[in-house]
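Visitor: One structure, as structure tokens, below. Some questions next.
Coordinate-derived values only; no laboratory data. As the structure is a prediction and not an experimental result, all values here were calculated from the model. Cβ placement follows ideal geometry from the backbone for every residue including glycine, while neighbour counts extend to all protein chains displayed.
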Amino acid sequence: MGRELDTTGTFCPVPILKTGRIMKELAPGAKLTVLSDDSGILTDMPDFCAAHGHAYLGSSEEAAGVFRVSIRKKRDGGRTRALGLLSGGLDSTLAARLLQDQGVEVQGVHFSTGFCMVDHRRALSRPADLEEPERVRNQALKVAGEHTIPLEVIDVADEYLETVVLNPKHGYGSAFNPCIDCRIFMLRKADELAREQGIDVVFTGEVVGQRPKSQQRATLDLIEQEAGMEGRLLRPLSARHLTETEAEADGRIDRDRLWHAHGRSRKEQFDLANRFGVDDFPTPGGGCCYLADHNFARRIRDLVAHSPSGSIARRSILLLKVGRHLRLGYNAKVVFGRDEAESTFLAREVRDEVWGVHVTDGRGSFGIIEGAPDRTRLETAAALAARYSRQRGCERVKVDLIREKSRESLEVVPATEDELREWVI
Ligand code: SF4
């Protein structure tokens, strides 16, 4: 890639003069390869680069007595710029710090997928969470603020749901987590953004061998390849175990100052965290993505199995994160709040096509019924509402079936424990 200049048949000072002319035309950061059969080029060119502040990338012998020498034009301001996928976890923070430590200008990007547990906690506004602000803090923004990393947050939820979550080429992990497709998707997006903004390098906090599936060496290579970033994706924490990237080869990134973390022990990361004084970070693998949660996985599988069109609305995904879910039939599912915050949240979901169900005295979980329930399913939902109330021990309980503009009362026998088990998802 880059421009090529053939100076064969000419001798000192012509190759350097021609090089100088072309360098004036090139954009900052552009690469130039010079062919020369003057062996003096091997010393002249490094001297020329040193004098002008360009990067000397190296030489090879193309054919007998013909040398290929590569150089890169200096950048304005001279600093390499890198864009990192910033999750707010320790690894991506350390990767960013390693680059900052060698003078790289680091920026971050965080893709909002719609499956972040913290985002959901914020939506529910539970008093206990609000009293403990760390539980609802956006960790990527926190890290960006603490380490002076300009961060762009981009909502990709609709595209991510359709192309990654519902149709992953590489399948799922142990829950409903399409981690390989997820990484490929995010890297493509980051690469696009980097190109648009003229950023030199894209990096991640991945560590070779740290995760059983998505971070094995062969998988990391596959992800890089399918993201179209072969030789261009920097993984600073494990760089010394990986093939040299273009940015390391041409001197924009100093490979010797990158790290050598490997495997599941996080000792190397903790050493590095010590060095950079990073002592406040979320628990490793502390669970921040619903797709890796097994309860959520059961619910989304059930939703997919009961969506004949195969397409799923974003609102349905939102509801999967709330309450207890019970499937009453192909066309009827009921969801009950597990606490006051969830009941309040669900009560706001009642509309013409979504029924609400609640014990008439109001002292129980609020539920919603989705789908097209027949009379029997509605009565079953009412029996469940009675079960999830303070009157669960009574013989008969008054329950309201609620629509946006109407309300119907009926008396039911509370559902039994066995019935609950039969329907729970
Ligand atoms: S756990 Fe979730 S966010 Fe992380 S790689 Fe897997 S699917 Fe993507």
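Visitor: Name the shape class, rounded, prolate or oblate, that the alpha-carbon gyration tensor gives for the stretch 322-423, where a ≥ b ≥ c are the square roots of its eigenvalues, rounded holds for a/c under 1.5, and otherwise prolate holds if a/b is larger than b/c and oblate otherwise.
Guide: rounded
Visitor: While we're here: So how do Asp254, Asp271, Asp191 line up by other beta-carbon neighbours within 10 Å, fewest first? Walk me through the numbers on the way to the answer.
Guide: Numbers: Asp254 15, Asp271 12, Asp191 18.
So the ranking, lowest neighbour count to highest, is Asp271, Asp254, Asp191.
Visitor: To continue, here is another question. Report, in deg cm²/dmol and to the nearest 500, the calculated mean residue ellipticity at 222 nm for the chain, where each DSSP H run with n ≥ 4 adds -39500 (n - 2.57) and the sum is divided by the residue count. Don't skip to the answer; put the middle values down first.
Guide: Working: 16 runs with 150 residues, N = 425.
My calculation for the chain gives -10000 deg cm²/dmol from helical runs alone.
Visitor: Quote the Stokes-Einstein diffusion coefficient, in whole µm² s⁻¹, for the chain, based on the Kirkwood radius over alpha carbon pairs, a temperature of 10 °C and a viscosity of 1.306 mPa s.
Guide: 63 µm²/s
Visitor: How would Lys333, Lys321, Lys24, Lys169 line up from fewest to most surrounding beta-carbon atoms within 10 angstrom? Walk me through the numbers before you get to the answer.
Guide: Numbers: Lys333 25, Lys321 22, Lys24 7, Lys169 11.
In order of increasing Cβ crowding within 10 Å: Lys24, Lys169, Lys321, Lys333.
Visitor: On to the next question. In the stretch 3-72, if every C-alpha pair distance is counted and binned at 10 Å from zero, what percent goes to each bin?
Guide: Per 10 Å bin, starting at 0, the Cα pair percentages come out as 22, 62, 16, 0.
Visitor: While we're looking at this one, here's another question. Be a star and scan the stretch 64-96 for residues whose amide nitrogen sits under 17 Å from the point 7 Å along the Cα-to-Cβ vector of Arg275.
Guide: The answer is 90-96.
Visitor: Suppose the chain between Asp352 and Arg3 were pulled fully straight at 0.36 nm per residue; how much longer would it get relative to their current alpha carbon spacing? Could the numbers behind the result be given before it?
Guide: Details: separation 349, 0.36 × 349 = 125.64 nm, distance 6.43 nm.
Taking Asp352 through Arg3 to full extension adds about 119.2 nm, to one decimal.
Visitor: Here is a follow-up. Report the Cα centroid-to-centroid distance between the stretch 84-101 and the stretch 353-425 in angstrom, as an integer.
Guide: 49 Å
Visitor: I've got another one for you. Among the DSSP beta bridges whose two residues both lie in the chain, what percent are antiparallel, rounded to the nearest 5?
Guide: DSSP beta bridges in the chain are roughly 70 percent antiparallel.
Visitor: Take Arg240, project a point 7 Å from its Cα along the Cβ direction, then tell me which residues of the stretch 202-221 have their backbone nitrogen under 15 Å from it.
Guide: Correct set: 208.
Visitor: Also: Run the numbers for Ala313 and Ser406: contour at 0.36 nm per residue of separation, minus the present Cα-Cα distance, in nm.
Guide: Between Ala313 and Ser406, full extension yields 30.9 nm more.
Visitor: Which value in nm describes the separation of the simple spin-label points at Asn167 and Arg392, placed 7 Å from the Cα toward the beta carbon?
Guide: With each label point 7 Å from Cα toward Cβ, the separation is 4.3 nm.
Visitor: What pairs in Lys213/Lys267; Lys31/Lys189; Lys169/Lys321; Lys31/Lys213; Lys24/Lys189; Lys31/Lys142 have C-alpha atoms more than 30 Å from each other? Write out the running numbers ahead of the final one.
Guide: On the way: Lys213/Lys267 20 Å; Lys31/Lys189 25 Å; Lys169/Lys321 25 Å; Lys31/Lys213 37 Å; Lys24/Lys189 32 Å; Lys31/Lys142 37 Å.
Listed pairs above 30 Å: Lys31/Lys213; Lys24/Lys189; Lys31/Lys142.
Visitor: Nearest 5 is fine: what % of DSSP beta bridges in the stretch 1-148 come out antiparallel, could you say?
Guide: 60 percent
Visitor: Go through the stretch 323-353 and name the chymotrypsin sites (Phe, Trp or Tyr not before Pro) that are in a DSSP coil and have 12 or fewer other Cβ atoms within 10 Å of their Cβ. Intermediate values should be presented prior to the final figure.
Guide: Working: sites: Tyr330, Phe336, Phe345; in loops: Tyr330.
Taking the stretch 323-353 and a limit of 12 other Cβ atoms within 10 Å, the loop chymotrypsin sites (Phe, Trp or Tyr not before Pro) found are Tyr330.
Visitor: Could you pull out every residue, at least 5 positions away or on a different chain, whose amide H is within less than 5 Å of the one on Ser112? Hs are placed 1.01 Å off N in the peptide plane, and Pro or chain starts have none.
Guide: Here Ile154, Asp155, Val156 satisfy the definition.
Visitor: Pick out, in residue order, every one of the GluC sites (Glu not before Pro) in the stretch 309-354 that is DSSP loop and has at most 12 other C-beta atoms within 10 Å; say none if there are none.
Guide: Here the GluC sites (Glu not before Pro) that fit, given the DSSP loop and packing criteria, are Glu353.
Visitor: Quote the FRET efficiency, to the nearest 0.05, computed for Thr43 versus Arg137 with a Förster distance R0 of 51 Å and r equal to the Cβ-Cβ distance.
Guide: Calculated value: 0.35.
Visitor: Taking a ≥ b ≥ c as the square roots of the Cα gyration tensor eigenvalues, with a/c under 1.5 meaning rounded and otherwise prolate when a/b beats b/c, else oblate, which class fits the stretch 153-220?
Guide: Because a/c hits 1.5 or more and a/b fails to exceed b/c, the stretch 153-220 counts as oblate.
Visitor: Among Phe48, Phe366, rank each residue by its count of other Cβ atoms within 10 Å, from fewest to most, as a rough exposure measure.
Guide: Working: Phe48 20, Phe366 26.
Fewest-to-most Cβ neighbours within 10 Å comes out as Phe48, Phe366.
Visitor: Determine one quarter of the surface area of the Cα convex hull of the stretch 126-262, which equals its mean projected area, and express it in nm² to one decimal.
Guide: On the way: hull surface 41.2 nm².
Seen from a random direction, the Cα hull of the stretch 126-262 projects 10.3 nm² on average.
Visitor: On a straight-distance basis, which lysines could pair with Lys398 in a cross-link, Cα separation under 25 angstrom, same-chain partners fewer than 8 positions away excluded?
Guide: Lys333
Visitor: Next question, about the same structure. Identify the GluC sites (Glu not before Pro) of the stretch 184-214 meeting these criteria: DSSP loop state and at most 12 other C-beta atoms within 10 Å of the C-beta.
Guide: Values: sites: Glu192, Glu196, Glu206; in loops: Glu206.
Answer by residue number: there is no such site.
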